[in-house]
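Each reported figure results from applying straightforward, stated rules to the coordinates on display, with no laboratory input. As the structure is a prediction and not an experimental result, all values here were calculated from the model. Note that we place each Cβ from the backbone using ideal geometry, even for glycine, and neighbour counts take in every protein chain shown.
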Amino acid sequence: MAAVSLPCMARRRMRDRDALSVERDIRGMKSFTVACLLAAGLLLPPGAAWSDPAKPPATVPLPPPQPPARPEGLLPPEPQVTPLPPERPAELATGAGKEIGKEIGKETEKKTEEPQPDTSSKAKEPPKDGAVALPAPPLPPERPPELSGEQALALTVSAPEDTACLRRLERLGARFEAMAPLRNGQCSAPRPLNVTALADGVTLEPAASLTCRAAEALARWTTEVQVAAEKQFGDQLKSLALGGTYVCRGQNHDTDAKLSEHSFANAIDVMGYGFAKRPSLKVTAATEGTPEAAFLASVRTGACGFFRTVLGPGSDAAHGNHLHLDLRERNAGHRLCQ
Ligand SMILES: [Zn+2]
């Protein structure tokens, strides 16, 4: 608006000198003001003022205001100087540094061309002034002796402790002691027991080499045998005649057959029973209708509650003279009682 009014005011002063016609002057001022506004484009619709390229704007844009003067107290900052890195230690700038570089993996052919000082001893010396001492990499700990050689192999075949079974066997009144591991080819018993007697002083003749679980099953079954002896004979069981416990062989003494549970000290062959007063009784001595037959049938049936395999006279030719008892594991806990 100021740019528009400058020429208009000059024209107004010229007209002021004309004192003859005030009204004409006023009308002229009105029309002149309208003309000035029209020339400035303020009374035209937007976009129509400069539509004609032959009519440039009648005003000249003012230059932007000058920025304020910088105060004297604000001086330009001095250029910052980047600090230089510390000087490289002399030990690292010479051949010694090259050798240290080799120690950390940079093997070069220069090592073979020119002799270099022994840096292994140098690394152990205390660092000199400004020297960077690279610590020697620590060695791995030595392998424990029990994890090496034959001791390690022994660990792989040792069976876990069966403390609970041993405790139960003691409570059943059995007399036993631990044996050295048994091994013969594929036949083995890592922790066999030498069982000499069971509850109530019932002796095993001869002593049996058995796993703890097989001995426990035998001890529990023998308590039922004791009950049957008192019931059928009014006597006490005093001994069990055994045919064999740990024997490395195939089933039914067949060398081509699957290994018998006897090969793992997991089976017992009972040949007969000894009593306190009456004569001993063989497994084969069974005449129907006699107390002996009732006793033998009772203890044979009862064995199925403690063992997984029970075979005897009548099962097959191999078990005609003894009662075979073992703890062979079968699918779904199946038992073989014949
Ligand atoms: Zn057998």
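Once Rh for the stretch 247-293 is found with the Kirkwood sum over Cα pairs, what is the Stokes-Einstein diffusion coefficient at 4 °C and 1.567 mPa s, in µm²/s?
The calculation lands on 99 µm²/s.
Answer rounded, prolate or oblate for the stretch 291-338, using the Cα gyration tensor with square roots of eigenvalues a ≥ b ≥ c: rounded when a/c is under 1.5, else prolate when a/b is larger than b/c, else oblate.
Working: a/c = 2.80, a/b = 1.52, b/c = 1.84.
Since a/c reaches 1.5 but b/c is at least a/b, the shape of the stretch 291-338 is classed as oblate.
Here the scattering of the stretch 171-270 is modelled by Debye summation over its C-alpha atoms, one equal scatterer each and no solvent; at q = 0.10 Å⁻¹ the log10 of I(q)/I(0) is -0.29.
Panel order for L198, L169, by other beta carbons found within 10 Å of each beta carbon, from fewest to most: L169, L198.
Name the shape class, rounded, prolate or oblate, that the alpha-carbon gyration tensor gives for the stretch 163-337, where a ≥ b ≥ c are the square roots of its eigenvalues, rounded holds for a/c under 1.5, and otherwise prolate holds if a/b is larger than b/c and oblate otherwise.
On the way: a/c = 1.81, a/b = 1.26, b/c = 1.44.
Judged from the Cα gyration tensor, the stretch 163-337 comes out oblate (a/c at least 1.5, b/c at or above a/b).
Phi-derived couplings, Karplus 6.51 cos²θ - 1.76 cosθ + 1.60 at θ = phi - 60°, listed residue by residue for the stretch 274-288: x, 10, 6, 10, 7, x, 5, 10, 7, 5, 7, 7, 9, 10, 4 Hz, with x used for Gly and Pro. The count of lysine pairs in the stretch 163-337 with alpha-carbon distances below 22 Å, taking only pairs 8 or more places apart or on different chains, stands at 4. Residues whose amide H lies under 5 Å from that of L336, counting only those 5 or more places away or on a different chain, are T309, V310; hydrogens are built 1.01 Å from N in the peptide plane.
Remark: V60, V202 ranked as V60, V202, counting other beta-carbon atoms within 10 Å and listing the fewest first.
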